[in-house]
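The values are calculated or read from the model by the stated rules, or taken from the named source; none is laboratory data. In this text the structure is predicted, and so the values were computed from the model without any measurement. In this analysis, Cβ positions are derived from the backbone assuming ideal geometry, glycine residues included, and neighbour counts consider all displayed protein chains. Note: areas computed on protein heavy atoms with side chains; ligands, DNA, RNA excluded. Shrake-Rupley method; radii C 1.70, N 1.55, O 1.52, S 1.80 Å.
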Amino acid sequence: MATKPTYEELLQQVSALKLAAERQKENQEGLTEIFEMSLDLICVADMNTATFLKVNPAFTRVLGYAEQELLNRSFLDFVHPDDVIATVSVIDEKLKRGVKVFDFTNRYRCHDGAYRWLEWTSHPVPERGMTFAMAHDITERKRVEAALRKSESILQSVFAAAPIGICLMKDRVYQRANRNWCDSFGYPEETLIGRSPDFLYESREEYERVGKKVYGGLRQDGIASAHTRLKRSDGEFRDVVLIAKLLNPHDLKGGAVTVVHDITDRKRVEAERKKLEDQLLQSQKMEAIGTLAGGIAHDFNNLLMSIQGRTSMVLLDKDFFHPDFEHLKEIERNIESAARLTKQLLSFARGGKYEVKATDLNELIKNESRMFGRTKKELTLSEQYDDNLWSVKVDKGQIQQVLLNLYVNAWQAMPGGGRLYIKTQNVALDESYVKPHQVEPGPYVQVSVTDTGIGMDKATQQRIFDPFFTTKDQGSGTGLGLASTYGIIKNHGGFVHVYSEIDHGSTFNLYLPAFEKGLIEEKKPQDEAMRGSETVLFVDDEEMIAEVVEDWLERLGYTALVAQNGKEAVRMYEENKDRIDIVVLDMIMPDMGGGETFVRIKEINPDVKVLLSSGYSIDGKATEILNQGCNGFIQKPFKIKELSKKLRDILDS
């Protein structure tokens, strides 16, 4: 039989029950305060009817509804149609079975019709058919995630389609490589992932050098660059600039994105530009030298003119039997050689105008080759000429220059001596043969110059006609010889073909169009000076030339008037226009040059006869004056017989 509790025990039980009730009340009040004050959405729902039983103020604030608009209504009415099935599935499969739900998301319709994303945590009470649920508004997070996904998609597209090579590196191995990188170096992306790039470098030392520079820069500034060479899968090395940047600032372990700029072609372009700049500098230098050479040649011709004049004067009184006759004739021959030299110098300085004539190449080549052979005793010449060689229409001086260029080139290719073969022949070239050279098919004269020298490789053969290209040491040549050879033959309507092998010599084949009309018989120089009785106004600023020619004219029977500048010439002609029959006019004079003087005299008498004289070749200003109505041209230095013939040709015409 149970004992009856004492009063003290009853008092203790009553006190305990009272304390429990007070604590329960406090907990209830605390829960109510959390329910009311929470920033998250809290609700109590009936799982069987899917209706709201209670919602907190945050629920109404976030969704924009009044409490009465939510209570006793199905929460499925507010769920986005696309999320209803998933929501019902969670209720049936988890909550009704007493399973707690965490991080379930769906969209709820707001009072204004918009939807907001909610992330739910639900605690079911199956025995009461209820669930307590708390939701966090993640709409902004979802927006940021969507924006990040879009941004990542854009970055992926840029990465894939970028016109430059891009790769992602981590711990010095490949993580990703875009299509441009893979195409540029010929490696599929799957063969790179997880692989070190050391196999791309010329050496392990170069790989370590670049790595040290790049990672040192990344550690210090978060970005770095380096220049190196990387090897393609086919073995070709490409010049590249690597630019690396950390994906996360100051975090080397987070990896880096590396951009690869292929600068191989740019370097080639820069090299070509540098070459063009060098060529321009060389061209400007050659132009300056040409101007200097032209001036020297002009002044030298004036000196030769004086020597020639004095020699011609002495020869007038000497016949073949005079003991000094042969010496004087040798002086004249030396003057002619010097004049040819200055003519070549003028051609170099001013380009010259082609004075083409039908020519027998056999005769021209024989003279030139034998003269060259006499100066180069270490060479053996072998000549083979076609006896029925067609004539060609060429400028003899220019072709002589071409032959000299080829002979010198052959001699330099045989430093220890050798054999030089020269051959001429007639050839008929069809369209297929001449088409690459852009000339007309038909009959051509072929001149072959072959040496037994060191020969040339293919790369050199492709460049030998480039201006300023030379295989000689710096300062040993201008590289203009073969370039001018090509230009001269091309300007004559022909072309040049070269064949060469290393250590087996070279052959230069020149092709010149045949001239159907045959040779033009050149008139032999007049043996005797032709006399006259007319009045000649001789104009030249060089006193020594004026004195010599004045003596010449008087010995030939002419009346000579001499002017030493343009203004004096115009004055003298105006005063003596009725008695002056012809004017011999120097082209280059100070103050008033030959061109202006000619115009002024022409204004006085439109029918005046003028013989133009110059130490320069018949080009440029001389051609302009001739085209204005000048009657003839004589180049210094000239002989008394040449002058007498020119005077008679004009006066008697």
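Is at least one residue of region 145-168 among the aliphatic types (A, V, I, L, M), in contact with a Leu (Cβ under 9 Å, 6 or more places away or on another chain) and either under 30 Å from Ile42 (Cα atoms) or open to solvent by less than 80 Å² (accessible area, probe 1.4 Å) (or both)?
yes
Within 33 Å of the chain's Cα centre (by Cα), more than 22 Å from Asn178 (Cβ to Cβ) and either of a type in the set (A, V, I, L, M, F, W, C) or in a strand (DSSP E or B) (or both): is that true of Val241 in this structure?
Taking the combined requirement at face value, the residue does not satisfy it.
Tell me, yes or no, whether region 32-53 has at least one residue that is at pLDDT 90 or above and open to solvent by 50 Å² or more (accessible area, probe 1.4 Å).
So far as region 32-53 goes, yes, one or more of its residues are at pLDDT 90 or above and open to solvent by 50 Å² or more (accessible area, probe 1.4 Å).
If I go through region 619-636 residue by residue, how many of them are open to solvent by 20 Å² or more (accessible area, probe 1.4 Å) and at pLDDT below 80?
Looking only at that region, the number is 8.
Do we find a residue being loosely packed, with under 15 Cβ neighbours inside 10 Å and either hydroxyl-bearing (Ser, Thr, Tyr) or at pLDDT 85 or above (or both) anywhere in region 327-340?
yes
Among the candidates Gly186, Gly194, single out the residue that is without any contact (Cβ under 8 Å) to a residue 24 or more places away in the chain and open to solvent by 30 Å² or more (accessible area, probe 1.4 Å).
Just a single option satisfies the conditions, and that option is Gly194.
Check whether at least one residue in region 152-168 is among the acidic types (Asp, Glu), more than 30 Å from Tyr115 (Cβ to Cβ) and in a helix (DSSP H, G or I), and report yes or no.
No: region 152-168 contains no residue that is among the acidic types (Asp, Glu), more than 30 Å from Tyr115 (Cβ to Cβ) and in a helix (DSSP H, G or I).
Output the residues belonging to region 530-565 that are in contact with a strand residue (DSSP E or B) (Cβ under 7 Å, 6 or more places away or on another chain) and surrounded by 22 or more Cβ atoms within 10 Å (Cβ to Cβ).
Answer for region 530-565, where residues must be in contact with a strand residue (DSSP E or B) (Cβ under 7 Å, 6 or more places away or on another chain) and surrounded by 22 or more Cβ atoms within 10 Å (Cβ to Cβ): Val536, Leu537, Phe538, Val539, Asp540, Val549, Leu553, Tyr558, Ala563.
Can you work out which of the residues in region 72-99 that are within 18 Å of His111 (Cβ to Cβ) and touching a Leu at 6+ places or on another chain (Cβ under 9 Å) is surrounded by the most Cβ atoms within 10 Å (Cβ to Cβ)?
Going through the qualifying residues, I end up with Phe78.
Of the residues Thr264, Thr258, only one is under 18 Å from Ser196 (Cα atoms) and within 34 Å of the chain's Cα centre (by Cα); which?
Thr258
Of these, Val584, Val570, Val599, Val608, which one is in contact (Cβ under 8 Å) with a residue 40 or more places away in the chain and under 56 Å from the mean Cα position of the chain (by Cα)?
Val584
Could you list, in sequence order, the residues of region 386-408 that are over 27 Å from Gly505 (Cβ atoms) and touching an Asp or Glu at 6+ places or on another chain (Cβ under 7 Å)?
Within region 386-408, Ser391, Asp395 meet the criteria.
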